[in-house]
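First up is the structure itself, then whatever we jot down about it.
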Amino acid sequence: MQSLTNRSKVVVKKEMSFAEKLYLPAVAKGMMITMSHLFKKKVTINYPEVERPRAEVYRGQHVLKRDENGAERCTACGLCAVACPAEAITMEAAERKKGEEGLYREEKYAAVYEINMLRCIFCGLCEEACPKEAIFLTDRIVPTEFERDDFVYGKDKLVEPTKKDERINIGPRQTQTTIDFKKNPEYAHNLLWDPNKKIGPKKGH
Amino acid sequence: MTLSIVLVTFAGFWFPLIMAGLVFAVSLGVAAYSTYVERKFAAFLQDRLGPSRAGPWGILQPLADGVKMVMKEEIIPNVSNKFLFILGPAIAMLTALMTGAVIPWGPKINIGGEWFSLQVADVNIGVLYLLGVVSIGVYGIMIGGWASNNKYALLGALRASSQMISYEIAMGISVITLIMLSGTLQTSEIAAQQHGFWADGWFTWNFFKNPLTFLIFFICALAETNRTPFDLPECETELVGGYHTEYSSMKLGFYLFAEYVNMFISSAVMSLFFFGGYNFPFMDELSNHPNLVAVIGAASMLIKTLFFVMVFMWIRWTIPRFRYDQLMNLGWKILIPLSLANLVATGITMWATGKIG
């Protein structure tokens, strides 16, 4: 048949020459190849000390955001749980009492909010579904645990710290359109993070 | 005066014992660190880093491995023959360590006017002793595999014994060629004959006199120590571990360790038989300082040995394993005729050059 690419080679089973039958030249050649690898750059990354660079939009461990006053933004509407294709999110709603205005932004809040990190597929549909700008995925990696129960993250692990300088930076997760949209004063809490600030591991490989 | 005589007599009695302890310690230490170097070397050849967590650059890794081995649960299968099951690794380790006794590790050393040879036992049939002890080594594997009462272990043991017996023939014939060249079975004499590096217009080392013998011996040594490409007895991909499938804890450690001790000893034998042993170039210039010669000689012996250990590892991480029929073809159809032809050719050459009557 006519070859279309001229790249194919006809395989010929030819008789081996004496040198080829000895195999020793081939062995020596192979050993030279392995020896040359001795001096090549190693591809291993010493993980805990050095981290592989991650994309800025990396989807890792979730965070429940607070607003500019430090109140939790989540109102336990359950849209994230509905959106979640892995059924990883559960929550229990509670009514805000008088005097708790500084703690919870809306009149209803999540008393319990749990994400099962073993079920989670880190697709990011929860942050897309959230109408309150409350849940976001971050570049943090979920650490390993010995027990399966420890992978069910409650509010203690999900809600970000109240102090403004300890807040979790989620800036790079946002696209330019979203950032422009969020310049609206109504979403003033978004000024807490700087979209240009680099996140991710300190040391690259 | 009497005191010094007593001391010298004392030393004459104790020195071989001290040497024996030293040879034990060195072979075990080198074997322990061979495991580390092997892993490191393998990693480097594959562009990895290798063990790097235990101590700086992972140099405490053998210690960690040893502790792990000892702490592991010791399992002796119910269906096994318990006596033989324990005897197997014991024989493997014992024969591996016994071979070091007849190897001259250095020239004679002078302590207080008395000469001591850096050799545990300078027997006049050293080469025969070496071959004999090495062939006992196969019993360790055979007994261990058989006593396990497991078909994979038995298959591995069968492979091991048939492989070792096949390659022992070619190895024996190449050793006979060497014995013809040197005319002695005494290992210290073989080393002494290769004195220096250059004499009478040619190298003194046996390798340069008969490289083919070395090649045959080297290939057979790879097979005898069950190293790749001849590691069929323990190929984990085919036999779930081979003859030591049922072994656990330190008994498994003994089998693995014996392999590394064997590797060290056969490297020492190769450097002794073919690369001058403790001899090094320009040693006659230092003949006024016999102790210096002894120290450098022992160091050069060790360096040559470690070089061969490295070559063993280098080969392991380069060449894939033989198929069983290829192994047998190489042993019976190529190496044995080749070594016989080599033997005859060497004999004819020696007769033609008037070395034998």
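Some observations on this one:
- Scope the stretch B:288-336; condition aliphatic (A, V, I, L, M) and closer than 22 Å to B:GLU168 by Cβ; matching residues: B:VAL309, B:VAL311, B:ILE315, B:ILE319, B:LEU327, B:MET328, B:LEU330, B:ILE334, B:LEU335, B:ILE336
- Check on A:THR34, closer than 29 Å to B:TRP314 by Cβ, in contact with a Gly (Cβ under 9 Å, 6 or more places away or on another chain) and within 14 Å of chain B (Cβ to nearest Cβ): no
- Residue in the stretch B:195-202 that is buried (at least 23 other Cβ atoms within 10 Å of the Cβ) and touching a Gly at 6+ places or on another chain (Cβ under 9 Å) present: no
- Residue within the stretch B:111-118 that is at negative phi, assigned to a loop (DSSP other than H, G, I, E, B) and not charged (D, E, K, R) present: yes
- Within the stretch B:268-294, the set of residues being surrounded by fewer than 24 Cβ atoms within 10 Å (Cβ to Cβ), small (Gly, Ala, Ser) and either within 30 Å of B:MET93 (Cβ to Cβ) or in contact (Cβ under 8 Å) with a residue 60 or more places away in the chain (or both) comprises just one member, B:ALA294.
- Qualifying residue in the stretch A:45-63 (condition: over 25 Å from A:ILE170 (Cα atoms) and within 14 Å of chain B (Cβ to nearest Cβ)): yes
- Hey, A:ALA19 out of contact with any Gly (no Cβ under 9 Å at 6 or more places or on another chain), away from chain B (no Cβ under 14 Å) and closer than 30 Å to B:PHE312 by Cβ or not: yes
- If you filter the stretch B:9-52 down to residues that are modelled with pLDDT under 85 and surrounded by fewer than 15 Cβ atoms within 10 Å (Cβ to Cβ), you find that the one that is farthest from the other protein chains (Cβ to nearest Cβ) is B:THR9.
- Filtering B:LEU327, B:LEU306, B:LEU292, B:LEU335 for residues that are in contact with a Ser or Thr (Cβ under 9 Å, 6 or more places away or on another chain), within 26 Å of B:VAL102 (Cα to Cα) and not in a loop (DSSP other than H, G, I, E, B) leaves a single hit, B:LEU306.
- Residue match in the stretch A:95-103 (condition: more than 14 Å from chain B (Cβ to nearest Cβ) and within 20 Å of the chain's Cα centre (by Cα)): no
- Sole residue being surrounded by fewer than 24 Cβ atoms within 10 Å (Cβ to Cβ) and of a type outside the set (A, V, I, L, M), chosen from B:THR213, B:THR228: B:THR228
- Within the stretch B:68-82, considering residues that are surrounded by fewer than 12 Cβ atoms within 10 Å (Cβ to Cβ) and in a helix (DSSP H, G or I), the one farthest from the other protein chains (Cβ to nearest Cβ): B:LYS82
- Some residue of the stretch A:52-59 being at pLDDT below 90, among the hydrophobic types (A, V, I, L, M, F, W, C) and surrounded by fewer than 16 Cβ atoms within 10 Å (Cβ to Cβ): yes
- Filtered residue count, the stretch B:312-339, keeping only those that are in contact (Cβ under 8 Å) with a residue 24 or more places away in the chain and either surrounded by fewer than 17 Cβ atoms within 10 Å (Cβ to Cβ) or of a type in the set (Lys, Arg) (or both): 6
- Filtered by the rule that a residue be touching a Leu at 6+ places or on another chain (Cβ under 7 Å) and either modelled with pLDDT of 85 or more or within 20 Å of B:ALA92 (Cα to Cα) (or both), the stretch B:108-147 gives B:ASN124, B:ILE125, B:GLY126, B:VAL127, B:LEU128, B:ILE143, B:GLY145, B:TRP146, B:ALA147.
- Among the candidates A:VAL82, A:VAL12, A:VAL27, A:VAL112, residue that is among the aliphatic types (A, V, I, L, M), surrounded by 14 or more Cβ atoms within 10 Å (Cβ to Cβ) and without any contact (Cβ under 8 Å) to a residue 60 or more places away in the chain: A:VAL27
One line per residue, one yes/no per condition, for (1) of a type outside the set (Val, Ile, Thr); (2) more than 21 Å from B:VAL133 (Cα to Cα); (3) modelled with pLDDT of 85 or more:
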| position | (1), (2), (3) |
| --- | --- |
| B:ALA170 | yes, no, yes |
| B:VAL175 | no, no, yes |
| B:LEU181 | yes, yes, yes |
| B:ALA199 | yes, yes, no |
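The values are calculated or read from the model by the stated rules, or taken from the named source; none is laboratory data. Everything numeric here is computed off the predicted structure, so don't read it as measured data. Every residue, glycine among them, receives a Cβ derived from its backbone with ideal geometry; neighbour counts consider all protein chains shown.
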